[in-house]
Amino acid sequence: MKPHDAPIPDAELARSRALTQRIRAAVAEAGGWMGFDRYMDMALYEPGLGYYASGAAKFGSAGDFFTAPEISPLFGRCLARQVGQVLAGLPGEVLELGPGTGRLAADLLLALEADGILPRRYLLLELSAHLRARQRATLLEHVPHLMDRVQWLDRLPDAITGVVLANEVLDAVPVHLVAWLEEGPRERGVTLAGGDFAWDDRPLASDPLRAAVAALDPLPPAPYVSEMGLRARALVASLAARLARGLLLFVDYGFGRAEYYHPQRSAGTLMCHRRQRAHSDPFHLPGLNDITAHVDFTAMAEAAVDAGAELLGYTTQARFLVNCGITGLLEAADPARAAGYLPLAAQAQRLLSPAEMGELFKVLALGRGLRSPLLGTSAGDLSRLL
């Protein structure tokens, strides 16, 4: 799948060229080859040049993709019911990772305020100065009276009590690529060919990567290429270890391990996004494209459990939102007022439809010290698929 670009502003092209030169230099300094995880890290997060480190629009119709909070306030209002269930029995904080535009934070705070279950603090972990400014503007516009509860963080807190939210975060954590060939598994990395980036396969070099590949049983049939989310596993394990009591909630697109490494998925799940189009070339205009990989939710659950957390549920986004009352929220809107009701119904369709986000997106719930069954996974739990 090849990218198609409309005319690109000169400033964006200049930034992409500067990042390309920086990555080329890094490849050369590494001896002519770097793992794809390092390439993805630079393409997305290199200070001042990477996709998420620049000031270009990323979310919504003016950006490269939509996330659920930008699609509809119904998403945040449903999520607030799950967050509220936890906070009602456990006064604590909400920590949101990768808060995007701040839309989810605003919707959650408004809904929790209406239910009388505001967190002590709403923490946002965001490293991009541009995105922090956008989040602050969103929150000042929608919840100016609650800004005293809002705090931005530069790193994870040492201990967490309450709820941790990560909506479409794990898919953007850099991944290793592994190619299963006739001679055995190899790490697929990046080299230079005539000054251009090119793929090159090397023997598995790191112990963690070798262990992760060896743990797959059965191994995918060769030839086969897929992603290993070692950094995402480490993030989930770190969150689980820091969770004194409360809930970890991950919403993203992905599968359990058996489906993730299905024989028909032999080209992996790596995908790039630019201007509402998806393509499969991560070397195209570095810094101007989002790069993502689907989530192996089995690996995430294992990482959390190994760090002392408990698996509380796993289900589709559609089932989670239904469990949290999205149909009731829609019914509460006045169908006679078509100008308000019809857009809301269309938004709900995008969130719930199997052809849109409803089935591909999953919700993984992990926790520590929670007794009550979770509202969001009370029906339609799919933990058996992990």
Q. Which whole number in µm²/s is D for the range 144-202 by Stokes-Einstein, with the Kirkwood Rh taken over Cα pairs at 25 °C and 0.890 mPa s?
A. 149 µm²/s
Q: Please express the Cα-Cα pair-distance distribution P(r) of the range 170-320 as a list of whole percents, one per 10 Å bin, running from 0 to the bin with the greatest distance.
A: 10, 36, 36, 16, 2, 0
Q.
Explain nothing, just compute: Karplus ³J(HN,Hα) = 6.51 cos²θ - 1.76 cosθ + 1.60, θ = phi - 60°, for every residue of the range 163-176 in order, whole Hz, x for Gly and Pro.
A. 10, 10, 10, 9, 9, 6, 10, 4, 5, 9, 7, x, 10, 7
Q | Dipole magnitude of the chain about its Cα centre (Cβ charges: Lys, Arg +1; Asp, Glu -1), debye to nearest 20 | A | 520 debye
Q: State, in angstrom, two size descriptors of the range 112-164 derived from its alpha carbons: Rg to one decimal place and Dmax to the nearest whole number.
A: 12.0, 32
Q: Quick one: what are the phi-derived ³J(HN,Hα) couplings along the range 230-235, Karplus 6.51/-1.76/1.60 with θ = phi - 60°, whole Hz, x for glycine and proline?
A: 5, 5, 5, 4, 5, 5
(Q) Whole-Hz ³J(HN,Hα) for each residue in the range 254-267, computed from phi via Karplus 6.51 cos²θ - 1.76 cosθ + 1.60 with θ = phi - 60°, x for glycine and proline: what do you get? (A) x, 8, x, 4, 4, 7, 4, 9, 5, x, 6, 9, 6, 9
Q. So what's Rg/Rh here for the range 305-386, counting alpha carbon atoms and using the Kirkwood radius for Rh?
A. 1.09
**Q.** Histogram of C-alpha separations across the range 57-151, 10 Å bin width, %
**A.** 17, 52, 27, 4, 0
(Q) Quick check on the chain: helices-only [θ] at 222 nm, where DSSP H runs of length 4 and up contribute -39,500 (n - 2.57) each and the sum goes over total residues. Nearest 500, please. (A) -11000 deg cm²/dmol
**Q.** Residue among MET228, ALA14, VAL164 farthest towards the positive dipole end of the chain, charges placed on Cβ
**A.** VAL164
Q.
Going by amide H atoms built from the backbone, whose H comes under 5 Å of the H on THR67, apart from near neighbours?
A. GLY60
Q: Using only the alpha-carbon atoms of the chain, report the extent along each of the three principal axes, biggest first, to the nearest angstrom.
A: 61, 49, 41
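Let me check against my output: what whole-number percent is the relative contact order of the chain, with C-alpha pairs under 8 Å and at least 6 apart?
After rounding, I find 20 percent.
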Q. Counting only protein heavy atoms, what percent of the accessible surface of the range 208-310 is carbon or sulfur at a 1.4 Å probe?
A. 55 percent
Q. Where both partners of a DSSP beta bridge lie in the range 158-284, what percent of those bridges are antiparallel, to the nearest 5?
A. 70 percent
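Shape of the range 91-225 from its Cα gyration tensor (a ≥ b ≥ c, root eigenvalues): rounded if a/c is under 1.5, otherwise prolate when a/b > b/c, or oblate?
It is prolate, given that a/c is not under 1.5 and a/b is the larger ratio.
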Q. Under 5 Å between amide H atoms, partner at least 5 residues away or on a different chain: which partners does GLY254 have, H built in plane at 1.01 Å?
A. VAL295, LYS362
(Q) For GLY162, what residues show an amide H to amide H distance below 5 Å, using hydrogens built from the backbone and excluding near sequence neighbours? (A) GLU93, ARG245, GLY246, LEU247
Q.
So in the chain, which Cys have no other cysteine's beta-carbon sitting under 4.7 angstrom from theirs?
A. CYS272
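The values are calculated or read from the model by the stated rules, or taken from the named source; none is laboratory data. From a predicted model like this one, the values you see are computed outputs, not experimental measurements. Cβ: placed from backbone, ideal geometry, glycine included. Neighbour counts: every protein chain shown. The accessibility values were calculated without ligands, DNA or RNA, using every heavy atom of the protein model including side chains. Shrake-Rupley method; radii C 1.70, N 1.55, O 1.52, S 1.80 Å.
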